[in-house]
Amino acid sequence: MGSVAAPKLATDLLNSGSTISYRGCMAQIFGLHFFGSAEIFLLAVMAYDRYVAICHPLRYTTIINPQRCFSLLLLCWAGGLIHGICQTVIMAQLPYCGANVLDNFFCEIPQLIKLACSDVYVAEMVIVVSDAVITLPGFLTLLVSYATILATLCGHFGKGGRKALSTCSSHLTVVCLFYGPVIFVYMKPSSNSQVDKMASVIYTVITPALNPLIYTLRNQEMKGAMGKMKQKFTRLFLDQRE
């Protein structure tokens, strides 16, 4: 999602601009919902993967085989494509007039709806229902997967249990950073709150930027490299003091 809104934002900041064409706005709407809904499906698939790995470790390679991985990945992209097209078509059907000034740094549906010249109640309800159809199943999959994982590990929080839960920490961090702002912005009717802008910045810029860091910090090779770097800096600091 960061690849959709961030480049335009950076260009506007460098060129002191603040305009976007109608086609560019519709392209942003499609891109945000295409990649956003695909990520929702992908996070649900990752939760299912963690569930199988922890609750059915002996059957993991049988259940999560290459063919099933490809099918799940294809489902994620197909769901994102369908949702992106539906949201874009809904917004393209609305008539726009007046100043056409968006109260945000990119084209976002809650802000774009305010510019419509017709009654938008039906469009708002369709968008909320559409987002709920995408968001809620993925969120419920996450809840069920991790509830089952916790129930399986209940009473086994020794070294093995802690290690199993630690493998889920990076995924849970990304889930919280992603779902929180998205639910706040889209799972309610339009609002003029300035907090909406902060939430938009989190899930379009901050979360995508943090994803590589969050996931790589759980990587054993990355941990080893950081440990060696820490030792080198410590040794260098001690040598300078001597």
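The values are calculated or read from the model by the stated rules, or taken from the named source; none is laboratory data. Only a predicted model underlies this, so the values are computations on that prediction, with no experimental measurement involved. Reconstructed Cβ throughout: ideal geometry from the backbone, glycine too, with neighbour counts over all protein chains shown. Accessible surface areas use protein heavy atoms only, side chains included; no ligands, DNA or RNA. Shrake-Rupley method; radii C 1.70, N 1.55, O 1.52, S 1.80 Å.
What the table below lists for this structure:
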{"quantity": "Yes/no for Val201 being modelled with pLDDT of 70 or more and either within 18 Å of Asp49 (Cβ to Cβ) or of a type in the set (Lys, Arg) (or both)", "calculated": "no"}
{"quantity": "Some residue of region 19-37 being without any contact (Cβ under 8 Å) to a residue 12 or more places away in the chain and open to solvent by less than 30 Å² (accessible area, probe 1.4 Å)", "calculated": "no"}
{"quantity": "Of all residues making up region 118-129, the number that are assigned to a helix (DSSP H, G or I) and either modelled with pLDDT of 80 or more or surrounded by 18 or more Cβ atoms within 10 Å (Cβ to Cβ) (or both)", "calculated": "8"}
{"quantity": "Test: Leu58 is part of a helix (DSSP H, G or I), at pLDDT below 90 and surrounded by 12 or more Cβ atoms within 10 Å (Cβ to Cβ)", "calculated": "no"}
{"quantity": "Meets criteria (farther than 28 Å from Ser130 by Cα and hydroxyl-bearing (Ser, Thr, Tyr)) for Thr62", "calculated": "yes"}
{"quantity": "Options Leu153, Leu115: the member that is modelled with pLDDT of 80 or more, surrounded by 17 or more Cβ atoms within 10 Å (Cβ to Cβ) and more than 24 Å from Ala38 (Cα to Cα)", "calculated": "Leu115"}
{"quantity": "Conditions (1) modelled with pLDDT under 80; (2) open to solvent by 30 Å² or more (accessible area, probe 1.4 Å); number of the one not met by Ala132", "calculated": "(2)"}
{"quantity": "Subset of region 87-100 that is surrounded by 17 or more Cβ atoms within 10 Å (Cβ to Cβ) and not hydroxyl-bearing (Ser, Thr, Tyr) - its residue that is nearest to Phe35 (Cα to Cα)", "calculated": "Gln87"}
{"quantity": "Looking only at region 61-94, and only at residues there that are of a type in the set (S, T, N, Q) and in a helix (DSSP H, G or I), the one that is nearest to Ile127 (Cα to Cα)", "calculated": "Gln87"}
{"quantity": "So Phe30, is it more than 18 Å from the chain's Cα centre (by Cα), aromatic (Phe, Trp, Tyr) and over 17 Å from Val201 (Cβ atoms)", "calculated": "no"}
{"quantity": "One residue from Asp49, Asp12, Asp103 being acidic (Asp, Glu), open to solvent by less than 70 Å² (accessible area, probe 1.4 Å) and assigned to a loop (DSSP other than H, G, I, E, B)", "calculated": "Asp103"}
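Results for (1) touching a residue at least 60 places away in the same chain (Cβ under 8 Å); (2) of a type in the set (A, V, I, L, M, F, W, C); (3) out of contact with any helix residue (DSSP H, G or I) (no Cβ under 7 Å at 6 or more places or on another chain), shown as yes or no for each residue.
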| site | (1), (2), (3) |
| --- | --- |
| Ile40 | yes, yes, no |
| Leu43 | yes, yes, no |
| Val52 | no, yes, no |
| Leu94 | no, yes, no |
| Lys114 | yes, no, yes |
| Ser130 | no, no, no |
| Leu143 | no, yes, yes |
| Cys154 | no, yes, yes |
